[in-house]
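Here the structure is laid out as structure tokens; the discussion comes afterwards.
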Amino acid sequence: QVQLVESGGGLVQPGGSLRLSCAASTINFRIWPMAWYRQAPGKQRELVATISSGFSTNYVDSVKERFTISRDNAKKTVYLQMNSLKPEDTAVYYCYSNPYGTDYWGQGTQVTVSS
């Protein structure tokens, strides 16, 4: 059973930074496309960023120029570097992949941006 395990969430002041990590327990990680989603209270889950096996990236408009998704295939880990955080970035952040038509989700990590 493949697992995705997130870490790195927490409480940060507006304008601050956090780096989320997602470790995958699959030997095939290097060919997996990866993504980060988030879900704020009372809102639908939202796609934040994606990274392909070829390292191509895409972002939702609201985080462009502030967030960076990256991957380290040797460590089987995907990252989300979040800078210039805003209160509206507050959400539970989830790691996700769907490599063979099966959805894999992490357990989520809480990010709270507040003064």
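The values are calculated or read from the model by the stated rules, or taken from the named source; none is laboratory data. Treat the numbers as computed from the prediction; the structure is a model and nothing was measured. Note that we place each Cβ from the backbone using ideal geometry, even for glycine, and neighbour counts take in every protein chain shown. Surface accessibility is based on the protein's heavy atoms, side chains included, excluding ligands, DNA and RNA. Shrake-Rupley method; radii C 1.70, N 1.55, O 1.52, S 1.80 Å.
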| Looking at region 33-115, what strands (runs of 3 or more DSSP E) fall wholly within it and have at least 3 residues that are among the hydroxyl-bearing types (Ser, Thr, Tyr), in contact (Cβ under 8 Å) with a residue 40 or more places away in the chain and closer than 17 Å to residue 6 by Cβ? | 91-97
| task | Could you list, in sequence order, all residues of region 6-52 that are among the aliphatic types (A, V, I, L, M), more than 11 Å from the chain's Cα centre (by Cα) and open to solvent by 70 Å² or more (accessible area, probe 1.4 Å)? | result | 11, 27, 31
| said: Return the residues of region 64-113 that are open to solvent by 20 Å² or more (accessible area, probe 1.4 Å), over 29 Å from residue 28 (Cα atoms) and acidic (Asp, Glu); say none if nothing qualifies. | reply: 65, 88
| query | Scanning for something closer than 14 Å to residue 97 by Cα, modelled with pLDDT of 95 or more and in a loop (DSSP other than H, G, I, E, B), does region 4-23 turn up at least one residue? | reply | no
